[in-house]
Every structure is written in C-alpha cells, then in structure tokens.
Amino acid sequence: MMELRKKDPWEFRGDLVVCFVGEGDRKMAAIPGAVVRKALGQAWKAGDFAGKKGETFLLYPALLGTGEAELPRARRVLVVGLGKPEEKVAGRREQVRCAAGTAAVRAGALKARRVLVVLPAGVELAPEEIAECTAEGLLLANYRFDKYKKEDPDKQESVRVGKFLLHGGGLATASVRQGMEAGMSAAEAACSARDMANEPGNGWTPSSFADHARKLARRSGMKCRILDRSDMKKLGMGGILGVSQGSAQPPKLVILQYRTSKKKPTLMLVGKGLTFDSGGISLKPASGMEEMKYDMCGGAAVLAAMEAIGREKPAAWNVVALIPATENLGGSAAMKPGDIITHFGGTTSEIINTDAEGRLILADALAYGIKTYQPDMVIDLATLTGAVIIGLGHHRTGLLANDDTLAAGLLEAGELAGEPLWRLPLGPEYRKQLDSEVADIKNTGGRPAGTITAACYLQEFVGDVPWAHLDIAGTAWNFTEKSYMPKKGPSGIGPRTLLHFIRTTGAR
Ligand code: BES
Ligand code: MN
Ligand code: ZN
C-alpha cells in the first residue's frame, strides 16, 4: 500500500507524481525541477493557483515538449496547496493531512493506480511528523467500503489508489520511515474501525467483536477472554444482561490484554459495542434508525486501537480493553421502563428509558474491569447521547473526566490527531438529576445536560481511578467535512487519538 522511494521523483514512470506548495510560496522550492515550477508559475500569474488549502494544479508533462532534460516521466504531475503557514503544531499537522487527503481524492478521480508523493519538506514540523501526517491523509482519504456493491466500471467515478510511494524530498530517510510507519499504523487502525462500523447490523454482531478479538489475540500474542451470558449471570452484570434480553443475539463482553512489563502502569480502554440500537421498548422513531448500526463505534475504536497496539507494542503502558457488546431490541423478554436492574458490584438502577442503554452496559464493564484489572487510568469511548450533537455538533467529541491531567492529555492528543475534543463539566448538581425514589440511581436525568448526566451515570462506577469519557455520538459518523474523512458514514474516530496519547505519554 505504501513504500519509501529514494530515486529521483522525475524518474518515476507511474500514473501521477504529487508535490505540495504552501500559500504564497512563489519560490516553490519543494518542487523538484524548474520545468514544472515554470509551468506552475503560469497558473500562478493567471490567478489559478496560489498554494491555498484545497487548490490543485494538474500538469501533463508531455505537453511541455520533449526537449527538456528534467521532464517528469510520470503521466501527470499534481501540485496541491497546503494553505497559509500555520502558527500551531496541531494546525500544521492537520494542514499536511488535509493536503495529502486532497491529493488522494484527486488521484482516485484520475483513476491513478501508482502514485508517487513528494513530502512537503518546507512545513515547520519534524520530518517524522511530516511523513506521519502525509501517510495518514493519503491512506484515510483512499478508504472505500464497497464490499456489498456490484462492480460497475461505467458508474465508477473514482478508484482506490493501489500503491503510494513516498519520496522524502530531502528529509532524513530514517525519520521519514519512522513517521511513515506511525502514520500507516494509525490510518490502518482508523480504517479498520470504519470497516467494522460500515458492516450492517446483520453483518457485525456481538459475536463478531468476539471473533475478531480472538483472532487479533492469536496474531499478536495478547490475552483474550470472552464473557458470555452465563458468565455475566454468575458475575451479576445486570446492565448488559438487561439490555440484551430483548434480542436473539447473545451478548459478549470482550476483553483483550496487552502486557509490556509489570513495572509499567495499566491503561484500561472501554468501548460501547451496541451493534444495533432500536431503543428497545422505548422505541426510536423509524426515520434514520438505520444509522443506529453505528452505535458500536466506541467498541470499534477500542478494538482497532488494540490492533495497532499489537503491531506497535508500546513500552510505556500495559493496556486492557473491554468491549461490552449487545443489541438493544424490543423482543418479548425485553427490559421495560420501570424495571430495576442490579449492576456488577451491587448498584441498583431504575430503568426510565430503555433507550438509555449504553450507560447500562458500560457501567458493568467499567466496574468489572476496574475491580479485576486495577488500572491506573481509564478511558471509555461511546456513542452515548444525542445531546452531545446538540451541544458540539459534528465537529468535536465531548470529553468528561474526573482528572485534569488525563483530560489535558486527551485534549492535546485529539488536537494533534485532527480529532478535537471539548471538555464538559461533571458535578453533584448534575448527578442529582439521576436520583431515584426506588433504586440507587435511575438511567436518565431528563432533557437538560443529557451528555453530562450520562457521564455522571458512568462516574458512579469508576470510583477514584483517573477516568475520561469520550462521547463520540456526533463525531463517529458524518464527522466534519474534510478531504480525508468520508462525507457520510463512519469516520473511524478514536484510535488515532488513543494511539497518540499512548505513544506520547507514559508513567507520570
Ligand atoms: N445511541 C444513542 C445515542 C445517539 C443518538 C448516538 C443519536 C448518535 C446519534 C443512545 O443509546 C441513546 O439513545 N441515548 C438517548 C438517551 C436518552 C434516552 C436519555 C438519547 O440521546 O436520546
Ligand atoms: Mn439508545
Ligand atoms: Zn445507544
């Protein structure tokens, strides 16, 4: 899919060579070869290209004649604008990712199969970062999900690029290789999360999570445990059992363990794996309900992050991942409003709305995981509330945490990954909205601050362990429009932020 290439880019005989130019950079030093610079200069003078974000300039070298010595051998050259030089590192990284994404989109539309990309060496970033973000942008934008469609060449508007070759453009090869590999691994994780999410509810069930995790464990030497309904009954996991009651698909609690060293701290990841959320007896409206196959995006993000962890084998953290997986349907045995369930650990909960099911399955997974694995830190990801879309739209993930250091670390990681977060508060005044007359807690807190009260519910089960909750209901699909994100459908958000966090933080 992607390789380094050291030879002169103009010697490349493939379908397309891509170069990048910053806004206002009339010297175009990053473009190897005066002929192409000269041709681009014409477009610049005409006002057709100025290196702005999203701008592209396509050139057929053959049109430049045959006399020129340094004429590119590729069929086409594409110059992509990077935009204005950015002040902040996160902004520069995003600029590179977006420009690489634009390149991959254009390449796909041109039906280019082999593409050489010259890294934008002029950007004020470490060479590793330039390579990392270029690789990410290219691979994320090159993603397609077409396994359920007949191939029809007449209707095909674009193809997937078969191979990207990265040319360092003067940057140190070892750094470029290291960055490229990090970017490839992160993009692969995000695409894997997209693949899981794109599967329909009948193609990706709770058992799919279990099967996928077992295979991953075998491949990468991790430990895998799958708790099924009988285990859950023994352990008293009334939340996940209650939610799964109305469905014929057996629930699973998938547990994966990556261990590096006893001396290192343990990070626990938890992902909501609701493979279809009909709302249960508190049935959702029919319009748009098909999107609720994406209610497993938190679980997909965690499982995909574990894939990358299995590849990268980070030294700073032991990681344990838990994915409670079930459907939420309204079968004859389904949980009913008014029912009282007992979570792992004994906390009772009055069910007001069976559609507030995510918190119920997460509560069991959090309580069980913390008791069993005694993590030093906990991060959960869940498409938990429609309210977070009202608050933050589709542009930022909601972050709620009981620990400022962890929150700051995640805000930073998200920013650098191009998956920004925004922190919302927690507090006893919100928790009070969940007081029940008949049980320890109730599962909804009314309309006000729905995202916060949902997080308060989870907080009840984490105790004093540093914990952060990412509400990805607005960002897991139909995320902010940008070149390397699909306009519709799952974004694969989460794994890249987690990886960034894991790679750059350690024992503190
Ligand atoms: N999976 C949904 C949240 C959701 C809604 C995600 C829309 C993405 C788009 C969750 O299980 C849910 O239904 N939450 C309810 C909670 C309410 C009943 C307190 C919601 O947000 O409406
Ligand atoms: Mn629901
Ligand atoms: Zn849900």
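Taken together, the values in this text are just the output of simple stated rules run on the coordinates, not laboratory data. Because the structure is a prediction, the values reported are computed rather than measured. As a convention, Cβ positions derive from the backbone with ideal geometry for all residues, glycine included, and neighbour counts pool all protein chains shown.
General observations
- Candidates 256, 216, 241, filtered to the one that is touching a residue at least 12 places away in the same chain (Cβ under 8 Å), among the aliphatic types (A, V, I, L, M) and not in a helix (DSSP H, G or I): 256
- Single residue of region 266-292 satisfying the filter (part of a helix (DSSP H, G or I) and more than 27 Å from residue 401 (Cα to Cα)) that is nearest to ligand 1 (Cβ to nearest atom): 291
- Qualifying residue in region 70-82 (condition: within 15 Å of residue 20 (Cβ to Cβ) and either assigned to a loop (DSSP other than H, G, I, E, B) or over 37 Å from the mean Cα position of the chain (by Cα) (or both)): yes
- Among residues of region 346-368, those that are of a type in the set (D, E, K, R), under 17 Å from residue 299 (Cα atoms) and within 12 Å of ligand 2 (Cβ to nearest atom), counted: 2
- Matching residues in region 387-446 - criterion: being touching a residue at least 60 places away in the same chain (Cβ under 8 Å) and hydroxyl-bearing (Ser, Thr, Tyr): 397, 405, 436, 444
- Each residue in region 328-340 was checked for being touching a Leu at 6+ places or on another chain (Cβ under 7 Å) and crowded, with 24+ Cβ neighbours inside 10 Å, and 1 of them qualify.
- Residues in region 416-434 that are in a loop (DSSP other than H, G, I, E, B) and out of contact with any strand residue (DSSP E or B) (no Cβ under 6 Å at 6 or more places or on another chain): 418, 419, 420, 425, 427.
- The condition (being in a loop (DSSP other than H, G, I, E, B) and more than 20 Å from residue 84 (Cα to Cα)) is satisfied by just one residue among 54, 14: 14.
- Evaluated against (1) assigned to a loop (DSSP other than H, G, I, E, B); (2) more than 14 Å from residue 386 (Cβ to Cβ); (3) within 16 Å of ligand 3 (Cβ to nearest atom), residue 458 falls short on exactly one condition, (1).
- Qualifying strands (runs of 3 or more DSSP E) (wholly inside region 312-415; at least 2 residues being touching a His at 6+ places or on another chain (Cβ under 9 Å) and closer than 27 Å to residue 227 by Cα): 377-382
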